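The values are calculated or read from the model by the stated rules, or taken from the named source; none is laboratory data. These numbers were taken from a predicted model, which means no experiment stands behind them. Please note: Cβ atoms are built from the backbone with ideal geometry, for glycine as well, and neighbour counts cover all protein chains shown. Surface accessibility is based on the protein's heavy atoms, side chains included, excluding ligands, DNA and RNA. Shrake-Rupley method; radii C 1.70, N 1.55, O 1.52, S 1.80 Å.
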Amino acid sequence: MALLHVDFFSEILEKSMNMDVILPQNTTNQIGMKGNAGSGKYKTVYLLHGMSDDQTTWQRRTSIERYVSEYGIAVVMPNADLGFYTNTAYGLPYWTFFSEELPKICREFFPQMSEKREDTLAAGLSMGGYGAWKLGLGVPETFGAAASLSGVLDVARRVREEYAKAGRKPAGFWEGIFGDLDKIEGSENDLKYLAGRLKEENRPVPRLYAWCGTEDFLYQNNLDMWEEMKRLGYSVVTASSEGDHQWKYWDQQIQAVLEWWLK
């Protein structure tokens, strides 16, 4: 595998951005790992980080490069700051960047990446799990599948909980991202709204996957969202097992995500 650290400029955000990219490579002499580039264009995973992380964290906390080595797929790990994959009220259009500009830039920089929706997965944890499902439900023409690990799937509910208990982030932080907190539900930032709208439109529906640990503070958030998706008529692969909000479990579960997607 090849690991590239990419610094580039975003016209949408009007700022420099960073992403780490894993590309397939055919290898036979590496000790303990075999690389497979396959033939044709690469399937691509856009692997999104959580609130405390950056573009390096998936590599530092998991063995993602080893996990994808024999699959012959590419992995894009972009920096998202604390923008919650959203066109923020304070003016930085992270959603437009991730949903439109980033795939275009990646395919220009790395023309071996497939442009087919069925070859493109958005996956992430916590904040990144929200971002992954948002990409799948918001732009399914680009992202044919989306996987969430311990995701903030009902973001309106989570923000209310944070605000009510005066959590780590004050109300001003959330208002800077989402604007009026009473208007998140039914907006472009509400996954329930995106899922309902997509069902009403003549557009492709993404494959969806979600896992959450039974001791995770977001477990009930996930259970309720999974039920809502079933009510809307979505077929979602869901899984839960012992675990809380930590990398020990995400390192295990990203392997299950890859197996599910590549079946």
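Taking 0.36 nm per residue of separation and subtracting the current Cα-Cα distance, fully stretching the chain between LYS230 and GLU161 would add 22.4 nm.
Across the stretch 67-159, the convex hull enclosing all Cα atoms gives 103 Å³ per residue.
Using the Cα centre as the reference, give the magnitude of the dipole from point charges on the C-beta atoms of the stretch 21-121 (Lys, Arg: +1; Asp, Glu: -1; all else neutral), rounded to the nearest 20 debye. Its charge dipole is roughly 320 debye.
Of the peptides 86-93, 128-135, the ranking by mean beta-carbon count within 10 Å, highest at the top, reads 128-135, 86-93.
Express the carbon and sulfur contribution to the solvent-accessible surface of the chain as a percent, rounded to the nearest whole number, probe 1.4 angstrom. Working shown, then result.
Details: 5330 of 11600 Å².
Percent of accessible area from carbon and sulfur atoms in the chain: 46.
Run down the aspartates and glutamates and flag those whose C-alpha is under 15 Å from the C-alpha of LYS34, throwing out any fewer than 8 positions away in its chain. Partners found: GLU65, GLU70. Spin-label pair ALA2-ALA239: with each label point 7 Å from Cα along the Cα-Cβ axis, the two points sit 3.2 nm from one another. Under the classification rounded if a/c is under 1.5, otherwise prolate if a/b is larger than b/c and oblate if not, where does the stretch 85-230 fall, given a ≥ b ≥ c as square roots of the Cα gyration tensor eigenvalues? Verdict is prolate for the stretch 85-230.
Across the chain, C-alpha contacts under 8 Å between residues 6 or more apart give a mean separation that, scaled by the residue count, equals a relative contact order of 16 percent. For the chain, a Gaussian network of Cα nodes joined below 10 Å ranks ALA171, ALA195, ALA145 by mean-square fluctuation, and the top entry is ALA171. Computed packing ranks the peptides 32-42, 224-234, 54-64 as 54-64, 224-234, 32-42, most packed first, by mean other Cβ atoms within 10 Å. If you take all other residues with their beta carbon under 13 Å from the beta carbon of ASN79, and give Lys and Arg +1 and Asp and Glu -1, the sum is -4.
Any idea of the accessible area per residue across the stretch 1-98, 1.4 Å probe, to the nearest Å²? Roughly 45 Å² per residue, with all protein chains present. Spatially, the stretch 114-189 and the stretch 1-34 are offset by 25 Å when compared through their Cα centroids. Work out how much length LYS248 to ARG60 would gain on full extension: take 0.36 nm times their residue separation and subtract the Cα-Cα distance, in nm to one decimal. Stretched fully, the LYS248-ARG60 segment lengthens by 66.5 nm.
Any idea what the dipole of the chain comes to, in debye rounded to 20, about its Cα centre with Lys/Arg Cβ at +1 and Asp/Glu Cβ at -1? Could you put the intermediate results ahead of the total?
Numbers: 28 positive and 36 negative charges, 111 e Å.
Dipole about the Cα centre, nearest 20: 540 debye.
Please give me the summed charge of the neighbours of SER240: other residues whose Cβ is under 11 Å from its Cβ, Lys and Arg +1, Asp and Glu -1.
-3
The Kirkwood hydrodynamic radius of the chain, based on inverse pair distances between different Cα atoms, is 18.6 Å.
Net charge of the neighbourhood of MET19, taken over other residues with C-beta under 11 Å away and scored Lys/Arg +1, Asp/Glu -1, is -3.
Over 30 Å between Cα atoms: which of LYS104/LYS263; LYS15/LYS116; LYS199/LYS248; LYS43/LYS199; LYS15/LYS199 fall into that group? Beyond 30 Å between Cα atoms: LYS199/LYS248; LYS15/LYS199.
Extent along the principal axes, Cα only, for the stretch 158-263: 43, 40, 20 Å, with the longest axis given first.
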